[in-house]
Amino acid sequence: MTVRVRFAPSPTGYLHIGSARTALFNYLFAKHMGGKYLLRIEDTDRERSTPEAVDAIFSSLNWLGIKADEEPVFQYARAGRHAEVAHELLKRGHAYYCYCSPEELQAMRDEAAANKLPPRYNGLWRDRDQASAPQGVKPVIRFKSPQDGSLTINDKVQGPVTVQNAQLDDMVLLRADGSPTYMLSVVVDDHDMGITHIIRGDDHLTNAFRQHHIYEAMGWSVPEFAHIPLIHGMDGAKLSKRHGATSADVYRDLGYLPEAMKNYLLRLGWGHGDDEIITAEQAIEWFTLEGIGRSPARFDTVKLNNLNGHYIRHSNDHYLLELIKPSVEKQLGQPISSRQENLILKGMPGLKERAKTIVELSDSAIIYVHPLTRDEKAQAALTPENQAHLKNLLPKLEACDFNHDAIETVLRSAAEEFGLKLGQLAAPLRVAITGSTVSPSLFEVMSILGKEESCERIENIL
Ligand code: GLU
């Protein structure tokens, strides 16, 4: 059997970070098993589905490098096929027409509510003679759900879960206007797409029982199920906007690397011993459904930041340059020259040591292009006294061999000569060179910028 899995988002908004993890788990399982990972856009809710949301899903999945092995399937386009199956179930005696009026359905809901029970269709038309159908009423098609016994699903994550069949009422398969319901469409599509394993959020666990019965009624083989726990925030509540960003796209804009994000999402609810840093290849090699935990994972931004910092430190300098260039140019208001590019590249080893996000990296890289606008703290370092020190330092710097060690030697001896600690002289110098009170090593920044540029920046201050 070749494994075929699918990720089936509803395009009603951005791609939630939890859904991105579901996609990743599906993808890794398929690759681990040598199978296929497919994408199905569940756009049957015509009011809530938008083309923008479809684009957002594609762009987030692209960013994460989760690529489907076949063309995406759009569920709405298959409504005719779903209706066909509803009629087939009717023919086989597993479904029936129901002519209940809205008032009758409301009365059933009221009765259930009065008995403090969940709303439930009472099977009014299940065994009724269809000849007694009211004139001019368009019926819905309902599934004749088995009422005796129970069903146990051996969920790959949750273990065996049993539900009494009597708890399931006869759900609608096809509405009066001929449109299929979600429960029917999902089963038909998963069957037609040859899906062998359904890996999705555990908010769908109860649906699995209803869906299971439809498979059996059609004589189709039932896929394996793996319902993964949702992601929670650090406070233990379901992850929501209250905890910070929940959209995959926003994480890209906040400066997270796709590699880091994938590694983090993978570790969220799945484990391989104590391994924290897991390469894309190892993820495929190691991923199994058995490794998925049963309790909700907690989204920890601090861990994500540390992981992102790790991936930034280990990324190629040219790759990082390409990532930060748009934002550096935006801040600068013009394209950067190849000379400026080279300066950033030379400074990259020092810059990437400190950055937790690509946004931080591009903010700090600016110093190689242009001193930052001085904030209050930076401005405060430029007292008249400190400016006088910089003025006296300038000819010494101009006279020296402008490399890391030579700059350090000049600075140390100048500090001694002026009766200052090294830090007291370095502080205003740092502001002159970088515009900021924090930066990578000053000797390093100055040696990369070169004598001309460095001295010019000091002169500009004076
Ligand atoms: N479209 C459903 C959702 O976005 C997923 C359905 C499924 O995976 O079976 O929640």
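Taken together, the values in this text are just the output of simple stated rules run on the coordinates, not laboratory data. Remember, it's a predicted structure, so these values are computed and weren't measured experimentally. Reconstructed Cβ throughout: ideal geometry from the backbone, glycine too, with neighbour counts over all protein chains shown.
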Working out 0.36 nm times the residue gap between Glu417 and Leu323, then minus their Cα-Cα distance, what length gain in nm do you get to one decimal?
29.4 nm
What is the sum of charges, Lys and Arg at +1 and Asp and Glu at -1, for the other residues whose Cβ falls under 15 Å from the Cβ of Ile228?
+3
Based on a Kirkwood Rh over C-alpha pairs, give the Stokes-Einstein translational diffusion coefficient of the stretch 386-462 at 37 °C and viscosity 0.692 mPa s in µm²/s.
273
Can you give the Rg and Dmax of the stretch 92-131 based on its C-alpha atoms, in angstrom?
11.7, 36
By average Cβ neighbour count within 10 Å, what is the ranking of 124-136, 338-350, 148-160 from highest down?
338-350, 148-160, 124-136
Between Asn403 and Arg128, with labels modelled 7 Å along Cα→Cβ, what's the label distance in nm to one decimal, could you check?
9.4
Using only the alpha-carbon atoms, how far is helix 205-218 inclined from the longest principal axis of the chain? Give it as 0 to 90 degrees, nearest 10.
50
Along the stretch 280-293, what does the Karplus equation 6.51 cos²θ - 1.76 cosθ + 1.60 (θ = phi - 60°) give for ³J(HN,Hα), rounded to whole Hz, x for Gly and Pro?
4, 5, 5, 4, 5, 5, 9, 5, 9, 5, 5, x, 7, x
Viscosity 1.002 mPa s, temperature 20 °C: give me the Stokes-Einstein translational D for the stretch 175-230 in µm²/s, with Rh taken as the Kirkwood radius over C-alpha pairs.
181
Set the Förster radius R0 to 25 Å, insert the Cβ-Cβ distance between Glu453 and Arg354 as r into 1/(1 + (r/R0)^6), and round the FRET efficiency to 0.05.
0.70
Sum up the charges of everything whose Cβ sits under 11 Å from the Cβ of Ala248, counting Lys and Arg as +1 and Asp and Glu as -1, but leave Ala248 out.
+1
Stretched fully, the stretch from Asp55 through Asn306 gains (0.36 nm per residue minus C-alpha distance, one decimal, in nm) 87.4 nm
Beyond 21 Å, what share of the Cα-Cα pairs of the stretch 115-261 is found? Please give it as a whole percent.
60
Let me have the 222 nm mean residue ellipticity of the chain computed from DSSP H runs of 4+ only, each contributing -39500 (n - 2.57), with the sum over all residues rounded to the nearest 500.
-15000 deg cm²/dmol
I need the peptides 171-179, 359-367 ranked by packing, meaning the mean over residues of other C-beta atoms within 10 angstrom, with the highest value on top.
359-367, 171-179
At R0 = 30 Å the Cβ-Cβ FRET efficiency linking Lys91 and Asp203, nearest 0.05, sits at 0.35
Pairwise label distance in nanometres, Glu216 with Thr437, each label 7 Å out on the Cα-Cβ vector
7.1
Label points 7 Å out from Cα along the Cβ direction at Met234 and Lys396: separation in nm?
4.5
Are there chymotrypsin sites (Phe, Trp or Tyr not before Pro) in the stretch 401-459 that DSSP puts in a loop and that have at most 11 other Cβ atoms within 10 Å, and which ones?
none
Quotient of C-alpha Rg and 2.2 N^0.38 Å, computed over the stretch 50-137
1.72
Just round it to a whole percent: the fraction of Cα-Cα distances in the chain exceeding 42 Å.
39
Is there a quick way to get the dipole size of the chain? I mean about its Cα centre, with the Cβ of Lys and Arg at +1 and of Asp and Glu at -1; what is the value in debye to the nearest 20?
660
To the nearest Å, what is the center-to-center distance of the stretch 217-244 and the stretch 420-462, using C-alpha atoms only?
53
Once both axes come from the Cα atoms, what is the angle between helix 79-91 and the longest principal axis of the chain, in degrees from 0 to 90, rounded to 10?
30
Can you list the HN-Hα couplings for the stretch 186-195, worked out from phi with the Karplus curve (6.51, -1.76, 1.60; θ = phi - 60°), rounded to whole Hz and with x for Gly and Pro?
4, 5, 4, 5, 4, 5, 5, 7, x, 6
Which ³J(HN,Hα) values, rounded to whole Hz and listed in residue order, are derived for the stretch 332-340 from phi using the Karplus coefficients 6.51, -1.76 and 1.60 in 6.51 cos²θ - 1.76 cosθ + 1.60 with θ = phi - 60°, glycine and proline given as x?
7, x, 7, x, 8, 7, 5, 5, 5
Rounded to the nearest 0.05, what FRET efficiency is calculated for Gln147 and Arg48 with R0 set to 30 Å and r the Cβ-Cβ distance?
0.35
Considering the options Trp286, Asn306, His318, tell which one lies farthest towards the positive end of the dipole of the stretch 279-338, charges being +1 on Lys and Arg and -1 on Asp and Glu at the Cβ, about the Cα centre.
Asn306
Whose amide H sits under 5 Å from the amide H of Ala297, counting only residues 5 or more places off or on another chain, with H placed in the peptide plane?
His232
Placed amide H near Leu173: partners under 5 Å, 5+ positions off or other chain
Ile141, Arg142, Phe143
Kirkwood Rh in Å, taken over the stretch 239-378 so that all alpha-carbon pairs contribute:
16.8
Grab the eigenvalues of the alpha-carbon gyration tensor for the stretch 156-203, scale each by 5, take roots, and send me the semi-axes largest first in whole angstrom.
23, 18, 9
Report the far tail of the P(r) of the stretch 71-192, meaning the percent of Cα-Cα pairs longer than 22 Å.
45
Highest average packing first - 93-106, 9-22, Cβ atoms within 10 Å:
9-22, 93-106
